[in-house]
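*Asks:* Sharing a structure here in structure tokens format.
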Amino acid sequence: MAEDGVVTLYNNTAITDTKKNPVSIKVGLTQMLRGGAILELSNTNQAKIAEEAGACCLVITEPNRQGISRMPDPALIKQIKRAVSIPIMSRSRIGHFVEAQILERVGVDYIDENEVLAIADEFNFINKHNFRCPFVCGCRNLGEALRRVREGAAMIRTQGDLSGTGNIVETVKNVRSVMGEIRILNNMDEDEVFAFSKKIAAPYDLVAQTKQMGRLPVVHFAAGGIVTPADAALMMQLGCDGVFVGSEVFDNCSDPYKRVRGIVEAVRHYNDPHVLVENSCGLEGEMAGLNVTEERMEQFGE
């Protein structure tokens with residue numbers, strides 16, 4: 001048993017040291033991203049546009065390709081790191097702790113253990129306590145979020161649509177699920193928290209901490225289908241700390257800077273209707289490639 005209650009699972013071959021970056025420091029590092037937009041991209045040109053538009057962090061992903069999706073090429077990460085000065089995040093497959101070791105060694109600021117990629121381990125997530133680098137993990141409900149926090153996640157991403165269609169319905173559903181369960185928890189008697197933690201299969205101490213704080217104990221972002229300033233402001237008004245914006249905002253777009261800048265401004269001023277109107281004007285044509293098809297709509301109606 002290591003200090004601070006951290007259990008080291010990967011024996012003495014692990015290339016990271018739990019004592020060098022306890023959970024509190026990792027959570028503090030993710031606090032710097034609150035109130036910002038994190039942009040997903042796959043090349044240096046997009047990275048420069050996102051930085052200029054005011055993104056707080058960049059998620060480097062592998063360019064679209066067929067077959068198994070994995071972590072991006074470390075050479076691409078190094079190239080983008082040299083081109084920008086804002087924090088860099090990159091994705092690893094769920095359970096693939098060696099990919100996470102590589103990403104940490106390359107020098108990313110955050111690692112996203114992401115369900116969008118192919119899953120490496122169907123039963124186990126990465127033990128994130130074994131890494132200096134803060135981890136981001138996805139969830140669809142409160143229980144899943146707190147289980148990821150117990151594993152060492154310093155930031156939670158409530159995930160919606162994974163297909164890049166620009167449809168926000170799943171994201172809204174999952175964010176409302178998390179926030180609704182927190183409101184139910186806040187109104188509970190202390191004696192009821194034990195049964196509630198068992199019901200949602202989450203650690204009791206984290207459930208109790210969530211009740212005390214009235215929110216998740218770590219930074220909480222939303223992801224999936226967020227492609228307009230209105231989408232971003234909606235997530236913020238629902239209670240999120242920020243948003244992830246998919247790489248689709250760069251596709252089929254004559255002025256990606258305008259679209260990204262509008263989303264960044266909407267996150268910063270989500271309660272100011274004047275700013276939202278100003279940043280939503282002239283984007284209808286830019287959204288043409290992000291409309292959901294009629295077949296897709298029929299699937300949601302079933």
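*Asks:* Within the range 256-277, can you find the residues that are in contact with a Leu (Cβ under 8 Å, 6 or more places away or on another chain) and not in a helix (DSSP H, G or I)?
*Replies:* HIS269, TYR270, listed by residue number.
*Asks:* Got a number for residues in the range 73-89 being of a type in the set (Val, Ile, Thr) and either farther than 14 Å from LEU39 by Cα or open to solvent by 40 Å² or more (accessible area, probe 1.4 Å) (or both)?
*Replies:* Number of matching residues: 1.
*Asks:* Name the one entry in ARG148, ARG157, ARG176 that is over 21 Å from VAL227 (Cα atoms) and of a type outside the set (Phe, Trp, Tyr).
*Replies:* Answer to the selection: ARG148.
*Asks:* Within the bounds of the range 156-170, is there any residue that is without any contact (Cβ under 8 Å) to a residue 12 or more places away in the chain and more than 30 Å from GLY28 (Cβ to Cβ)?
*Replies:* Yes, there is a match, as at least one residue in the range 156-170 is without any contact (Cβ under 8 Å) to a residue 12 or more places away in the chain and more than 30 Å from GLY28 (Cβ to Cβ).
*Asks:* How many residues are within 19 Å of PRO63 (Cβ to Cβ) and touching a strand residue (DSSP E or B) at 6+ places or on another chain (Cβ under 9 Å) when one looks only at the range 251-265?
*Replies:* Here the count works out to 1.
*Asks:* What about ALA145, is it touching a residue at least 60 places away in the same chain (Cβ under 8 Å), among the small types (Gly, Ala, Ser) and open to solvent by less than 10 Å² (accessible area, probe 1.4 Å)?
*Replies:* It is true that ALA145 is touching a residue at least 60 places away in the same chain (Cβ under 8 Å), among the small types (Gly, Ala, Ser) and open to solvent by less than 10 Å² (accessible area, probe 1.4 Å).
*Asks:* Further question: Kindly establish whether PRO72 is of a type outside the set (Lys, Arg), touching a Cys at 6+ places or on another chain (Cβ under 6 Å) and under 20 Å from PRO134 (Cβ atoms).
*Replies:* The answer is no for PRO72.
*Asks:* Taking the condition of being open to solvent by less than 20 Å² (accessible area, probe 1.4 Å) and at pLDDT 95 or above, how many residues in the range 97-125 meet it?
*Replies:* Within the range 97-125, residues that are open to solvent by less than 20 Å² (accessible area, probe 1.4 Å) and at pLDDT 95 or above number 8.
*Asks:* I would also like to ask the following. Which one of the conditions (1) outside any loop (DSSP other than H, G, I, E, B); (2) out of contact with any helix residue (DSSP H, G or I) (no Cβ under 6 Å at 6 or more places or on another chain) does PRO72 fail to meet, given that it meets all the rest?
*Replies:* Against the list (1) outside any loop (DSSP other than H, G, I, E, B); (2) out of contact with any helix residue (DSSP H, G or I) (no Cβ under 6 Å at 6 or more places or on another chain), PRO72 comes up short only on (1).
*Asks:* How do the helices (runs of 4 or more DSSP H) wholly within the range 155-230 filter down when requiring 1 or more residues that are over 21 Å from VAL260 (Cβ atoms) and in contact with a strand residue (DSSP E or B) (Cβ under 7 Å, 6 or more places away or on another chain): which remain?
*Replies:* 169-186
*Asks:* Scan the range 211-225 and give yes if some residue there is over 14 Å from GLU181 (Cβ atoms) and of a type in the set (D, E, K, R), otherwise no.
*Replies:* No, the range 211-225 has no match at all.
*Asks:* How many residues does the range 240-288 contain that are surrounded by 13 or more Cβ atoms within 10 Å (Cβ to Cβ), of a type in the set (Gly, Ala, Ser) and either modelled with pLDDT of 95 or more or more than 30 Å from GLY214 (Cα to Cα) (or both)?
*Replies:* Adding up the residues that qualify gives 5.
The values are calculated or read from the model by the stated rules, or taken from the named source; none is laboratory data. These figures come from a predicted structure and were not determined experimentally. FYI the Cβ positions are ideal-geometry reconstructions off the backbone, even for glycines, and counts take in every protein chain you see. Surface accessibility is based on the protein's heavy atoms, side chains included, excluding ligands, DNA and RNA. Shrake-Rupley method; radii C 1.70, N 1.55, O 1.52, S 1.80 Å.
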